[in-house]
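Written out below as structure tokens is the structure these notes cover.
Taken together, the values in this text are just the output of simple stated rules run on the coordinates, not laboratory data. The model shown is predicted, which means the values in this text are computed figures rather than measured ones. No Cβ is skipped: glycine too gets one built from the backbone with ideal geometry, and neighbour counts run over all protein chains shown.
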Amino acid sequence: MGRYALTWKRDLEQAASGGRLEHDQAVALFAAPLAALGAAADAVCRRLHPEPLRTFVIDRNINYSNVCVSGCRFCAFFRPPGHSDGYVLSHEDILSKVEEAVGLGATQILMQGGLHPDLPLSWFEELFCSIRERSSVTIHSLSAPEIIHLSRVSGLSTRQVLARLRKAGLDSLPGGGAEILCDEVRRQVSPRKCTTEEWLAVMREVHQLGMRATATMMFGHVESPAQRVAHLLRVRELQEQTGVFTAFIPWPFQPANTALGGEAASVHDYLRTLAISRLVLDNVANLQASWVTQGEDVAQLSLAFGANDLGSTMIEENVVRAAGVTFRMSAGELASLIRRAGFTPAQRDTYYNLLEILS
């Protein structure tokens with residue numbers, strides 16, 4: 001880090017004024033004072049979102065199964081095939097959860113699970129068709145690794161899988177499974193999951209089919225600051241080519257109950273990485289705070305470090321909970337948090353269209 005330390009001030013001024021950061025310049029910002037980073041990221045956020053609104057979506061995160069053949073070392077949620085704790089929710093159970101969520105005001109269903117070896121593509125097609133018959137809720141579901149897994153199970157291309165799921169009702173893809181978009185890191189933490197290029201290729205096909213997606217970064221495990229920046233630049237490059245991403249969500253690795261272990265990233269590291277994400281991703285309009293891993297106080301601070309969105313209410317969430325983190329917030333609590341930060345809360349949809357300004 002030493003060779004970067006003397007350049008952070010110039011690079012921070014460049015980013016805050018709208019200049020584009022390249023790799024070494026962004027790495028240099030990891031040596032910048034936290035307060036200066038926050039001020040620069042906040043300036044960029046306010047330029048992108050000059051209205052005094054900060055947003056959230058009401059949704060439910062349904063984990064349809066925890067059975068997974070990937071066995072990622074950072075995951076506390078999965079169970080290998082045949083494990084006594086493994087489960088697959090029935091279509092009836094999932095439809096009941098969707099109905100309950102819609103009754104609570106949800107406009108989005110985020111559905112993800114393990115890479116189950118025995119669930120065929122038709123299982124998801126029938127499920128999405130059933131949801132669509134009963135509701136207009138947005139189906140923001142299945143990460144890129146799940147699409148790649150279904151391609152392998154079905155013998156179809158990933159584009160064919162996406163096209164069939166879109167026809168069945170799939171609207172948008174969450175950005176899960178990105179971890180760090182650097183194969184050196186992926187070989188250490190998720191060696192049986194898709195490669196960097198495979199993840200990016202699915203997102204490129206999502207764009208080609210007229211769909212949208214989010215992008216994520218799970219950091220704070222074995223990667224270096226330079227590899228975090230490399231991840232951001234891969235996201236920025238694909239966004240430049242496609243415009244597919246509605247938002248970016250960086251969230252820190254939760255080590256409890258995982259094979260990888262270690263310590264969770266500090267609050268300072270989280271806020272620093274959030275701010276640098278805002279400064280680097282000049283073509284991704286929205287930056288989400290990860291209150292589900294950081295809690296209410298840090299989520300509120302995030303709105304001064306480049307975030308313009310608090311993500312979702314997560315009526316249900318199981319993956320982070322499996323790692324021992326159990327923060328919960330209702331729509332009313334999220335709105336109150338936004339007000340206390342000096343902004344006006346607004347409910348949005350999956351595509352960041354405003355649904356209601358909560359004065």
* Structure fact -> Nearest 10, in degrees from 0 to 90: the angle of helix 196-208 to the longest Cα principal axis of the chain is 80
* Asked: Counting Lys and Arg as +1 and Asp and Glu as -1, each charge on the Cβ, what is the dipole of the range 51-357 about the Cα centre in debye, to the nearest 20?
  -> 380
* Asked: Isolated Cys in the chain by the 4.7 Å beta carbon test?
  -> C45, C68, C129, C182, C194
* Fewest to most neighbouring Cβ within 10 Å: what's the order for E125, E205, E237, E263? -> E263, E237, E125, E205
* Read phi for every residue in the range 40-50 and hand back ³J(HN,Hα) as whole Hz from Karplus 6.51 cos²θ - 1.76 cosθ + 1.60, θ = phi - 60°, with x for Gly and Pro. => 5, 5, 5, 5, 5, 4, 5, 6, 6, 10, x
* From the backbone phi of the range 124-131, what are the Karplus-calculated ³J(HN,Hα) couplings (6.51 cos²θ - 1.76 cosθ + 1.60, θ = phi - 60°) in whole Hz, Gly and Pro given as x? -> 6, 4, 5, 5, 5, 4, 5, 4
* Structure fact -> For the range 66-161, whose charge dipole is built from +1 on Lys and Arg Cβ atoms and -1 on Asp and Glu Cβ atoms, the candidate among V98, S154, F124 with its Cα farthest towards the positive end is S154
* Structure fact -> Non-local residues with an amide H under 5 Å from the amide H of Q108, with H modelled 1.01 Å from N and Pro and chain starts lacking one, are R60, T138
* Asked: Among the lysines, which have Cα under 25 Å from the Cα of K167 when same-chain residues fewer than 8 positions away are ignored?
  -> K97
* For n ≥ 4 DSSP H runs only, could you compute -39500 (n - 2.57) per run for the chain, divide by its residues and tell me the 222 nm figure to the nearest 500? => -13500 deg cm²/dmol
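Percent relative contact order of the range 8-114, based on C-alpha pairs within less than 8 angstrom and at least six residues apart? Could the numbers behind the result be given before it?
On the way: 107 pairs, mean separation 30.1, N = 107.
Contact order relative to length: 28 percent.
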* Where does helix 267-280 land angle-wise versus the long Cα axis of the chain, in degrees 0 to 90, nearest 10? -> 90
* Compute the long axis of helix 91-103 from its Cα atoms, compare it with the longest principal axis of the Cα atoms of the chain, and write down the angle in degrees, 0 to 90, nearest 10. => 50
* Structure fact -> Spelling it out for S70: with amide H atoms placed in the peptide plane at 1.01 Å from N, the residues 5 or more places away or on another chain with amide H under 5 Å from its amide H are L115
* Structure fact -> Sorted by chain and then number, the residues having a modelled amide H within less than 5 Å of the amide H of T344, at least 5 places away or on another chain, are L53, R54
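If I take every Cα pair under 8 Å that is 6 or more residues apart in the chain, average their sequence separation and divide by the length, what percent do I get for the relative contact order?
Details: 707 pairs, mean separation 83.0, N = 359.
Relative contact order for the chain comes out at 23 percent.
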* Hey, with R₀ at 35 Å, roughly what FRET efficiency would R47 and Y351 work out to, going by the Cβ-Cβ distance, to 0.05? -> 0.95
* Asked: Anyone know which of G177, G210, G243 comes out most mobile in the 10 Å Cα GNM of the chain?
  -> G210
